[in-house]
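Scroll down for the structure; my scribbles are underneath it.
The values are calculated or read from the model by the stated rules, or taken from the named source; none is laboratory data. Since we're looking at a predicted model, the values are computed, not measured. Neighbour counts run over all protein chains shown; Cβ positions are idealised from the backbone, glycine included. The accessibility values were calculated without ligands, DNA or RNA, using every heavy atom of the protein model including side chains. Shrake-Rupley method; radii C 1.70, N 1.55, O 1.52, S 1.80 Å.
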Amino acid sequence: MNPDYSFALLRAFARPGPLLATAERVGDRIAVLPTVFHLLWTGTLTADLSGERLAGTTLVGVRGGEG
């Protein structure tokens, strides 16, 4: 987990958005996605999995944030 990416991802996902498109705004997906998954695993970020498995278009947001 990269703390620099963590801060940037929390800002990027402050308003829920699609997983890949929002993560790629922060940086290269290969570098950024491990931090995204860490934040999902710890519950800092949340994902709407009610209708599908985790995918690039899954809406992700900060726990307790907008939406």
Counted residues, region 8-22 - those being among the small types (Gly, Ala, Ser) and in contact with a helix residue (DSSP H, G or I) (Cβ under 6 Å, 6 or more places away or on another chain): 2
Selection from region 38-50 of residues that are in a helix (DSSP H, G or I) and farther than 13 Å from ARG63 by Cα: HIS38
Residues (in contact (Cβ under 8 Å) with a residue 12 or more places away in the chain, among the polar types (S, T, N, Q) and over 11 Å from SER6 (Cβ atoms)) located in region 30-57: THR46, THR57
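In this structure, is THR35 in a helix (DSSP H, G or I) and of a type in the set (S, T, N, Q)? Before the answer, list the steps.
On the way: in a helix (DSSP H, G or I): yes; of a type in the set (S, T, N, Q): yes.
Yes, satisfied.
Here's the yes/no breakdown for (1) of a type outside the set (S, T, N, Q); (2) touching a helix residue (DSSP H, G or I) at 6+ places or on another chain (Cβ under 9 Å); (3) exposed (fewer than 13 other Cβ atoms within 10 Å of the Cβ):
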| position | (1), (2), (3) |
| --- | --- |
| SER6 | no, yes, no |
| GLU24 | yes, yes, no |
| VAL36 | yes, yes, no |
| THR44 | no, yes, no |
| SER50 | no, no, yes |
| LEU59 | yes, yes, no |
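Residue by residue through region 9-22, note down the ones that are open to solvent by 20 Å² or more (accessible area, probe 1.4 Å) and either over 15 Å from GLY61 (Cβ atoms) or touching a Leu at 6+ places or on another chain (Cβ under 8 Å) (or both). Give the derivation first.
Going through region 9-22, the residues open to solvent by 20 Å² or more (accessible area, probe 1.4 Å) turn out to be 10-11, 14-16, 18, 20-21.
LEU10, PRO16, PRO18, listed by residue number.
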Index of the failed condition, ALA55 passing every other in (1) open to solvent by less than 90 Å² (accessible area, probe 1.4 Å); (2) outside any loop (DSSP other than H, G, I, E, B): (2)
